[in-house]
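Colleague: Below are the structure tokens for one structure; questions will follow.
None of the figures in this text is laboratory data; all of them are computed from the coordinates on show. All values reported here derive from a predicted model rather than from experimental measurement. Don't worry about glycine lacking a Cβ; one is built from the backbone with ideal geometry, like all the others, and counts go over all protein chains shown.
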Amino acid sequence: MANPPANMQTYGVPIYAADWVPEEIVRSKIDKDQKKSEDDGESSSSPSSSRRYIVLPGGGGGGNSGIANVILICGVDLEANSLSEEPLVRFVVGTDLPYRMAVHSREGGLICAFSKSCKLYDWETIMRPREDNEVVVEAEGVITELRDVGQQLALAFNQEGSVLAAGGEDGFLRVFKWPSMESLLNESQAHASVKSLTFSESGKFLASLGGPLCRVWEVNAAAAAAVATLSRENDETFASCRFSVDSAGNEVLYIAANTGRGGSIITWDTTTWRRRRSKLIRNNSISAFNVSADGKLLGIGTLEGDVLIIDSTRMQPIQVVRKAHLGLVTALTFSPDSRGLVSVSFDSRVRLTVIEPKGEKGGMRLWVVVLLFVLLYIVSYYFMEAKGMIRQKSP
């Protein structure tokens with residue numbers, strides 16, 4: 001049986017979320033540990049200049065599945081288009097599944113949503129050496145304000161890491177200052193169920209999505225208040241939302257929706273809160289959605305396991321990886337430099353898709369078109385000459 005490609009690895013647990021480990025403190029610690037391993041004679045990995053790290057929560061949940069609930073940290077090498085064969089860190093969290101996650105933009109650690117409560121883990125705790133399958137104390141790290149609040153389906157920090165939003169399966173939306181946890185919003189009926197949260201780059205707006213509606217909240221230092229309600233049209237079902245910027249540098253809100261014809265991306269104006277356009281992407285339902293940091297690319301994962309990378313200006317797919325996963329894509333995230341996309345799934349697979357430079361692909365297509373045109377011209381000329389349609393020149 002052939003070995004899997006280096007850009008696809010199976011880590012043994014269903015994976016539910018994915019995000020990048022902040023550089024600075026965390027990366028320097030992992031690099032130091034990697035260097036120590038190399039000095040001890042272990043095989044060296046790729047140069048640190050091309051190495052990134054990604055954090056992945058997942059597991060088998062409660063019961064007797066035999067699959068641990070863990071937080072994994074894995075290596076990503078964009079230059080080599082590869083993932084580490086084994087997780088660099090395997091942190092066992094207990095009998096409950098870390099179903100959702102939000103990573104602080106700096107060194108503030110990460111928050112995981114479990115079935116009843118949310119817990120905060122600092123990077124030192126996650127990366128501290130442990131015995132195999134050693135489990136942390138169940139109560140460790142539980143956030144008091146998010147204790148016994150039920151399953152949270154969405155967690156998000158603003159870009160500065162100064163505000164945290166949590167949306168529950170019960171439709172409850174909570175917004176806090178971070179790290180003081182001073183309440184900015186406590187809305188018990190924001191949605192029937194909150195499925196997606198996203199902050200605008202400025203941090204001024206928070207979009208919450210659930211059921212047939214997407215609501216927009218204006219967030220300031222004192223409170224958060226609703227400013228707009230965005231409704232579906234026809235048979236649309238909203239699946240995910242993300243703030244970004246367009247090619248002119250203006251802030252936009254994208255909503256991924258599913259219809260009877262397939263998935264579509266709706267672009268909203270953040271001044272008028274009206275639709276700019278809606279684009280049907282393909283005939284498969286969207287299960288995961290994200291936007292690159294530079295706003296130029298959209299990433300889509302489907303129920304069938306496909307991954308699509310879309311040009312946000314033309315709204316056309318520029319890369320399609322069919323059957324990237326064996327089942328639905330649970331999450332995907334672009335690298336901070338927008339050079340790669342990592343997708344994850346219930347199938348325990350993690351896949352890296354490196355973004356192909358537009359110039360190379362476009363240039364190749366242009367040369368093919370030109371060559372075909374020249375060949376067609378030559379063949380047509382000799383055909384018409386043979387049929388007497390073109391008078392032959394006298395010697």
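Colleague: Treat the count of other C-beta atoms within 10 Å as a stand-in for reagent exposure and order 104, 191 from fewest to most. Walk me through the numbers on the way to the answer.
Modeller: Numbers: 104 18, 191 24.
Neighbour counts put them in this order, fewest first: 104, 191.
Colleague: Send over the semi-axes of the range 273-327's equivalent ellipsoid, whole angstrom and largest first, taken as the square roots of 5 times the C-alpha gyration tensor eigenvalues. Spell out each step's value before the answer.
Modeller: Values: eigenvalues 82, 32, 20 Å².
Its equivalent ellipsoid spans semi-axes of 20, 13, 10 Å.
Colleague: Along the charge dipole of the range 230-335, Cβ charges K/R +1 and D/E -1, which of 326, 247, 281 sits furthest on the positive end?
Modeller: 281
Colleague: For 282, 242, what's the fewest-to-most ordering of other Cβ within 10 Å of each Cβ? Please list the in-between numbers first.
Modeller: Values: 282 18, 242 22.
In increasing order of surrounding Cβ atoms, one gets 282, 242.
Colleague: Along the range 147-154, what does the Karplus equation 6.51 cos²θ - 1.76 cosθ + 1.60 (θ = phi - 60°) give for ³J(HN,Hα), rounded to whole Hz, x for Gly and Pro?
Modeller: So the Karplus estimates, Gly and Pro as x, are 8, 6, 9, x, 5, 9, 8, 8 Hz.
Colleague: Output wanted: per-residue J couplings in Hz (rounded whole) for the range 346-356, from phi through Karplus 6.51 cos²θ - 1.76 cosθ + 1.60, θ = phi - 60°, x for Gly and Pro.
Modeller: Once rounded to whole Hz, the list reads 4, 6, 6, 8, 10, 10, 9, 10, 7, 6, 6.
Colleague: On full extension of the chain, what length is gained from residue 269 through residue 181, given 0.36 nm per residue of separation minus the C-alpha to C-alpha distance? Walk me through the intermediate numbers first.
Modeller: Details: separation 88, 0.36 × 88 = 31.68 nm, distance 3.10 nm.
Computed gain between residue 269 and residue 181 is 28.6 nm.
Colleague: Can I ask one more? Where the only charges are on Cβ atoms (+1 Lys, Arg; -1 Asp, Glu), what is the dipole of the range 102-223 about its Cα centre, to the nearest 20 debye? Display every interim value, and only then the final one.
Modeller: Working: 11 positive and 17 negative charges, 82 e Å.
It comes to approximately 400 debye.
Colleague: OK, next. What's the FRET efficiency of residue 159 with residue 283 using the Cβ-Cβ distance as r and R₀ = 45 Å, to the nearest 0.05? Working shown, then result.
Modeller: Values: r = 35 Å, r/R0 = 0.77.
Calculated transfer efficiency: 0.85.
Colleague: How large is ³J(HN,Hα), in whole Hz, for each residue of the range 219-230 in order, when computed from phi with the Karplus curve 6.51 cos²θ - 1.76 cosθ + 1.60 and θ = phi - 60°, using x for Gly and Pro?
Modeller: Karplus-based 3J(HN,Hα) across the range 219-230 equals 10, 10, 5, 9, 6, 10, 9, 5, 10, 7, 10, 9 Hz.
Colleague: Also, quick follow-up: Once you order the gyration tensor axes a ≥ b ≥ c over the Cα atoms, which shape class does the range 253-347 get: rounded for a/c under 1.5, otherwise prolate or oblate by comparing a/b with b/c?
Modeller: Numbers: a/c = 1.96, a/b = 1.31, b/c = 1.50.
It comes out oblate by the Cα gyration axes.
Colleague: If you don't mind, there's one more thing I want to ask. Neighbouring Cβ atoms within 10 Å as the yardstick, rank 175, 216, 291 fewest first.
Modeller: Numbers: 175 26, 216 20, 291 23.
Lowest to highest Cβ neighbour count: 216, 291, 175.
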